[in-house]
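> One structure coming up, written as structure tokens, with questions to follow.
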Amino acid sequence: MFLVFYTNLASETVHEIVKTIAERDDTAPEQLEPPLSAVVDPDALTAVLRDTSGYVTFRYRGYIVTVGDDGTVTVEE
């Protein structure tokens, strides 16, 4: 398990998730398939976390990604 901290801007959240998983998989971020946007809508993710408290969890490329309303992203294998 490893953590990534980010700001509450949607583009930075998505960027940090992609960057972290790409580094973990030893691949370029732009070569990740499927793209993260095919799994979760970045704008919807931001809206849910902005309007409610808690977290959102989803699977991406074999990882379990949890994005919290406190600005943390947890990526678990």
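The values are calculated or read from the model by the stated rules, or taken from the named source; none is laboratory data. Note that the coordinates shown come from a computational prediction; the quantities given were computed from them, not determined experimentally. Don't worry about glycine lacking a Cβ; one is built from the backbone with ideal geometry, like all the others, and counts go over all protein chains shown.
> Return the residue satisfying two criteria in turn: it lies in the range 2-52 and is hydroxyl-bearing (S, T, Y) and in contact with a Phe, Trp or Tyr (Cβ under 8 Å, 6 or more places away or on another chain), and of such residues it is modelled with the lowest pLDDT.
T13
> In the list Y55, Y60, which residue meets the criterion of being surrounded by 13 or more Cβ atoms within 10 Å (Cβ to Cβ), modelled with pLDDT of 95 or more, among the hydroxyl-bearing types (S, T, Y) and at negative phi?
From the options Y55, Y60, the qualifying one is Y60.
> Quick one: what pairs do we get from the range 35-54, first residue under 11 Å from V14 (Cβ atoms), second of a type in the set (D, E), C-beta under 6 Å, 6+ apart or different chains?
Qualifying pairs under 6 Å: none.
> Sticking with this structure for a sec: Could you look through the range 63-77, keep only residues that are closer than 13 Å to V14 by Cα and not small (G, A, S), and pick out the one that is modelled with the lowest pLDDT?
T72
Conditions tested, residue by residue: (1) polar (S, T, N, Q); (2) over 21 Å from F2 (Cα atoms); (3) loosely packed, with under 11 Cβ neighbours inside 10 Å.
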{"position": "T13", "(1), (2), (3)": "yes, no, no"}
{"position": "P29", "(1), (2), (3)": "no, no, no"}
{"position": "L32", "(1), (2), (3)": "no, no, no"}
{"position": "V39", "(1), (2), (3)": "no, no, no"}
{"position": "A44", "(1), (2), (3)": "no, yes, no"}
{"position": "V65", "(1), (2), (3)": "no, no, no"}
